[in-house]
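Below you'll find the structure I mean.
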Amino acid sequence: MGREETEQLRCKLLAWVQAGCAAGRLPALLLDEEEIRCAGTEELRALARRYAIR
């Protein structure tokens, strides 16, 4: 996975978390947001699997 693909995945995950925050799931998702912002490629892949995002 290249840098551009990694950043696209990070953006998808952040959008998912932000949508969840808007839906009222704020406390748990704020922790996920920080994890996504700091994650490397492999961690992002694991998070995407956790949320079933491709």
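Of the conditions (1) of a type in the set (Val, Ile, Thr); (2) more than 10 Å from the chain's Cα centre (by Cα); (3) at pLDDT below 85, residue 53 satisfies every one except a single condition; which number is it?
Among (1) of a type in the set (Val, Ile, Thr); (2) more than 10 Å from the chain's Cα centre (by Cα); (3) at pLDDT below 85, the lone unmet condition for residue 53 is (2).
So, in region 31-46, exactly how many residues are within 17 Å of residue 3 (Cα to Cα) and either charged (D, E, K, R) or free of Cβ contacts under 8 Å to residues at least 40 places away in the same chain (or both)?
Number of matching residues: 10.
Residue 31 - would you say it is at pLDDT below 85, aliphatic (A, V, I, L, M) and not in a loop (DSSP other than H, G, I, E, B)?
yes
Oh, and also: Return the total of residues in region 38-49 being at pLDDT below 90 and of a type in the set (Lys, Arg).
1
The values are calculated or read from the model by the stated rules, or taken from the named source; none is laboratory data. Owing to the predicted nature of the structure, the values given are computational and were not obtained by experimental measurement. When we count neighbours, we look across all protein chains shown, and the Cβ atoms used for this are built from the backbone with ideal geometry, even at glycine.
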